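Asker: Before anything else, here's the structure in question.
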Amino acid sequence: QMSDFDYDLFVIGGGSGGVRAARVAAGEYGAKVALAEEDRYGGTCVIRGCVPKKLMVFASGYAELVDEAQCFGWDIKPGTFDWHAFKTRLNTELDRLEGVYRKLLANSEVDTFDQRATIKDAHTVQLANGETRTAKHILLATGGRPVRPDVPNAQLGIVSDDIFHLESLPKSILIVGGGYIGCEFACILNGLGVEVTMYNRAAQILRGFDDEARGLIAESMTNAGVDIHCGTSIVEMALESEHEAGTMPSNSDAAMGATAEQSNELNNCDARAGTQGPIWVKASNGAEKVFDMVLFATGRAPNTDGMGLEEVGVSLGRRHEVEVDEYSQSGVPSIYAIGDVTDRVNLTPVAIREGMAFVQTVFGGNPTPVDHDLIPSAVFTQPEFGTVGLTEEQAAEQEPVEIYSASFRPMQTAFAEKNKRVMMKLIVSKETRVVLGCHIVAPNAGELIQLVGIAVKAGLTKEQFDATCAVHPTMSEELVTMRSPTRTA
Ligand code: NDP
């Protein structure tokens with residue numbers, strides 16, 4: 001069965017997608033598989049994304065619990081947050097998880113190479129140590145990375161990767177960008193006691209999501225103390241000390257007293273960014289302010305640079321993503337790509353499903369296109385946001401719809417006299433009665449939308465939702481008790 005190649009499959013990238021594809025191809029289909037990873041196993045999700053982020057969400061949530069508990073009769077005092085203690089435990093947990101990923105690969109008898117790998121030709125992988133390996137199939141699962149905008153001295157700002165390595169939390173931070181990452185860290189850091197300012201260039205945060213949900217989240221964030229400036233971006237930044245002295249040229253390498261070599265290192269070692277002292281920032285509206293730290297949450301880019309892809313005929317898109325068909329196959333038949341490097345739907349569970357579909361297609365003899373329709377997802381703001389299907393705006397553009405929306409103060413926080421609101425919203429097709437979208441802004445909305453996601457994916461109608469008995473008293477019972485439409489669109 002073995003061909004003339006060293007391996008049946010060589011996977012580049014040991015994140016969620018790559019590891020899953022490698023171990024299923026090897027473990028379930030008996031393929032001879034290798035995987036190369038230049039950084040830590042587990043990738044963005046486990047090492048510098050979803051997992052440490054969610055642990056920080058938990059950490060930041062305790063602050064207001066004390067307050068609430070007092071209203072419920074507990075004699076309990078607010079404490080202080082010890083970033084160092086949390087970070088130590090966080091690192092221990094990430095080490096454990098990385099170990100789990102390595103073990104999964106070892107147990108499936110996947111050969112691992114702890115180094116960078118690039119493409120030499122359609123069937124050959126070039127390793128950083130100079131060696132090459134051949135494979136019948138190559139799977140690119142190299143993910144993405146945060147990008148800084150084109151602003152003078154942008155390297156003074158940190159990106160999301162750096163948050164988990166900070167020596168201490170800043171007193172104040174400017175977050176540039178109001179997408180998933182910007183909003184999540186705004187809420188986390190605000191909860192941990194950092195003064196948070198956000199510059200969002202559009203008129204509202206969380207572009208692409210349901211407008212009513214965006215509005216409620218922005219309002220809740222503002223009420224919680226995040227200073228959101230919409231229609232605002234950053235035009236210039238400099239170290240405050242250099243700005244005051246008038247010595248900071250727009251190319252700061254020299255100003256920071258760094259040699260070219262050192263400044264390269266600074267760019268590559270982001271953990272050092274943000275430690276140089278207060279940063280002066282000029283906004284597009286002319287405002288000049290000083291922050292302890294600036295976080296760029298201005299989007300992510302696929303990791304395709306220097307991979308040798310275009311040289312072997314793999315075409316890249318406008319954002320440098322690998323262009324693939326519905327089976328994740330690139331223009332070079334032996335080369336496939338999954339996950340964020342393809343910039344389709346950049347979410348961990350999607351990368352895993354793309355990896356599984358790839359294995360089915362190539363090793364299972366069962367061509368399986370990836371289903372990107374009706375993917376539920378959550379944004380871990382406070383309150384959380386869970387969403388599946390069409391927004392009100394998208395649905396209204398497609399067909400006549402009924403909107404069922406309830407926004408109210410939930411029992412637990414209302415009792416504590418907090419002015420917090422949640423929202424449960426369904427978008428229903430007038431013609432077919434199918435629930436086209438569901439949007440939930442509420443504590444644990446991520447957990448809720450996972451379950452509603454099943455019903456929406458199954459194409460259930462509003463009447464089928466209503467046939468389900470309410471669970472009382474809960475917030476989500478609204479989803480089956482909204483009798484008449486709030487409006488039509
Ligand atoms: P997003 O694309 O979600 O948000 C980027 C933000 O930065 C937007 O507000 C955007 O504005 C703004 N922006 C982009 N370029 C500039 C610029 N040059 N100047 C000023 N503002 C700018 O990216 P994120 O980095 O937040 O997240 C990347 C991806 O990671 C997400 O799309 C998602 O797929 C994934 N992710 C998922 C999470 C989850 O599921 N919970 C959590 C975190 C990440 P505008 O809207 O005007 O373009």
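Asker: As an exercise, use a Förster radius of 35 Å and the Cβ-Cβ distance of residue 106 and residue 318 to find the FRET efficiency, rounded to the nearest 0.05. All intermediate terms of the calculation are to be shown ahead of the outcome.
Answerer: Working: r = 39 Å, r/R0 = 1.11.
Working from the Cβ atoms, E equals 0.35.
Asker: Tell me which residues come under 5 Å, amide H to amide H, from residue 7 once H is placed; ignore anything under 5 positions away on its chain.
Answerer: For residue 7, the qualifying residues are 134, 135, 136.
Asker: Can you tell me how much longer the chain between residue 345 and residue 397 gets when fully stretched, taken as 0.36 nm per residue apart minus their C-alpha distance, in nm with one decimal?
Answerer: Numbers: separation 52, 0.36 × 52 = 18.72 nm, distance 2.19 nm.
Gain on extension, residue 345 to residue 397, equals 16.5 nm.
Asker: List every residue whose amide H lies under 5 Å from the amide H of residue 198, counting only residues 5 or more places away in sequence or on a different chain, with H placed 1.01 Å from N in the peptide plane.
Answerer: Close amide H contacts, sequence-distant or interchain: 175, 227, 228, 229.
Asker: Among the lysines, which have Cα under 21 Å from the Cα of residue 171 when same-chain residues fewer than 8 positions away are ignored?
Answerer: Cross-link targets: 53, 87, 282, 289.
Asker: Work out the count of Lys pairs in the stretch 384-489 where the Cα-Cα distance is under 28 Å, with the pair 8 or more places apart or on different chains.
Answerer: Details: 420/462; 425/457; 425/462; 430/457; 430/462.
For the stretch 384-489, the number of qualifying lysine pairs is 5.
Asker: Also, I was wondering about something else. Along Cα→Cβ, 7 Å out, is where each label goes; now give me the distance between the ones at residue 91 and residue 204 in nm to one decimal.
Answerer: 4.2 nm
Asker: I've got another one for you. How large is ³J(HN,Hα), in whole Hz, for each residue of the stretch 228-235 in order, when computed from phi with the Karplus curve 6.51 cos²θ - 1.76 cosθ + 1.60 and θ = phi - 60°, using x for Gly and Pro?
Answerer: Once θ is set to phi - 60°, the couplings for the stretch 228-235 become 8, 10, 8, x, 10, 9, 9, 10 Hz.
Asker: Accessible area per residue for the chain in Å², computed with a 1.4 Å probe and the full protein assembly in place, what is it? The partial results should precede the final answer.
Answerer: On the way: 22530 Å² over 489 residues.
Using a 1.4 Å probe on heavy atoms only, each residue of the chain averages 46 Å².
Asker: Determine, from the Cβ-Cβ distance of residue 325 and residue 75 and an R0 of 45 Å, the FRET efficiency 1/(1 + (r/R0)^6), rounded to the nearest 0.05.
Answerer: Calculated value: 0.10.
Asker: What is the packing order of peptides 369-380, 326-337, 169-180, taking the mean over residues of other C-beta atoms within 10 Å and listing the highest first?
Answerer: Working: 369-380: 16.7, 326-337: 19.9, 169-180: 22.7.
Final packing ranking: 169-180, 326-337, 369-380.
Asker: Here's a follow-up. Which order do the peptides 85-94, 222-231 come out in when sorted by mean C-beta neighbours inside 10 angstrom, highest first?
Answerer: 222-231, 85-94
Asker: Let me ask another. Please work out how much length the chain gains when fully extended from residue 411 to residue 131, using 0.36 nm per residue of separation minus the C-alpha to C-alpha distance, in nm with one decimal. Numbers along the way, then the final one.
Answerer: Details: separation 280, 0.36 × 280 = 100.80 nm, distance 6.29 nm.
Contour length minus the Cα-Cα distance gives 94.5 nm.
Asker: Once the Cβ-Cβ distance between residue 3 and residue 311 is put in as r, and R0 is 25 Å, what FRET efficiency do you end up with, to the nearest 0.05? Let's see the in-between values first.
Answerer: Details: r = 24 Å, r/R0 = 0.95.
Here the calculated transfer efficiency is 0.60.
Asker: Also: Whenever you get a sec, compute what percent of the accessible area on the chain sits on carbon and sulfur atoms (1.4 Å probe).
Answerer: Ligands and nucleic acids excluded, carbon and sulfur give 50 percent.
Asker: Still on this structure: Remind me, relative contact order of the stretch 372-444 in percent, using alpha carbon pairs under 8 angstrom and six or more residues apart? All intermediate terms of the calculation are to be shown ahead of the outcome.
Answerer: Values: 134 pairs, mean separation 25.7, N = 73.
RCO, the stretch 372-444: 35 percent.
Asker: Could you sort the peptides 394-407, 63-76, 150-163 by per-residue average Cβ neighbour count (10 Å cutoff), highest mean leading?
Answerer: The densest-packed peptide leads the list: 150-163, 394-407, 63-76.
Asker: Another question, if that's okay. With θ set to phi - 60°, apply the Karplus curve 6.51 cos²θ - 1.76 cosθ + 1.60 along the stretch 460-467 and write out the HN-Hα couplings as whole Hz, x wherever there is a Gly or Pro.
Answerer: 5, 8, 4, 5, 6, 4, 5, 6
Asker: Right, here's the next one. Multiplying the sequence separation of residue 463 and residue 211 by 0.36 nm and subtracting their Cα-Cα distance, what value in nm do you get?
Answerer: Here the segment from residue 463 to residue 211 would lengthen by 88.2 nm.
Asker: Identify all aspartates and glutamates with a Cα-Cα distance to residue 32 below 16 Å; exclude those on the same chain that are fewer than 8 residues away in sequence.
Answerer: Straight-distance partners of residue 32: 4, 6, 8, 109, 111.
Asker: Kirkwood Rh over alpha-carbon pairs of the chain, then Stokes-Einstein at 10 °C and 1.306 mPa s: what D in µm² s⁻¹, rounded to an integer?
Answerer: Estimated via Stokes-Einstein, D reaches 65 µm²/s.
Asker: More than 17 angstrom separation, counting every C-alpha pair in the stretch 95-147; what % is that?
Answerer: Looking at the stretch 95-147, the distances longer than 17 Å represent 52 percent of pairs.
Asker: Right, here's the next one. Once the convex hull of the alpha carbons of the stretch 114-219 is built, what does its volume come to per residue, in cubic angstrom?
Answerer: Values: hull volume 20.2 nm³, N = 106.
Dividing the Cα hull volume of the stretch 114-219 by its residue count gives 190 Å³.
Asker: Calculated from DSSP H runs of 4 or more alone, at -39500 (n - 2.57) each and per residue, what is the 222 nm mean residue ellipticity of the chain, nearest 500?
Answerer: Details: 15 runs with 161 residues, N = 489.
Theoretical 222 nm ellipticity from helices: -10000 deg cm²/dmol.
Asker: Quick one: what are the phi-derived ³J(HN,Hα) couplings along the stretch 302-316, Karplus 6.51/-1.76/1.60 with θ = phi - 60°, whole Hz, x for glycine and proline?
Answerer: x, 7, 10, 5, x, 8, x, 6, 5, 4, 9, x, 7, 8, 10
The values are calculated or read from the model by the stated rules, or taken from the named source; none is laboratory data. These figures come from a predicted structure and were not determined experimentally. A quick note on method: Cβ atoms are made from the backbone with ideal geometry, for glycine too, and the neighbour counts reach across all protein chains shown. To get the accessible areas, we keep the full protein, side chains included, count just its heavy atoms, and leave off ligands, DNA and RNA. Shrake-Rupley method; radii C 1.70, N 1.55, O 1.52, S 1.80 Å.
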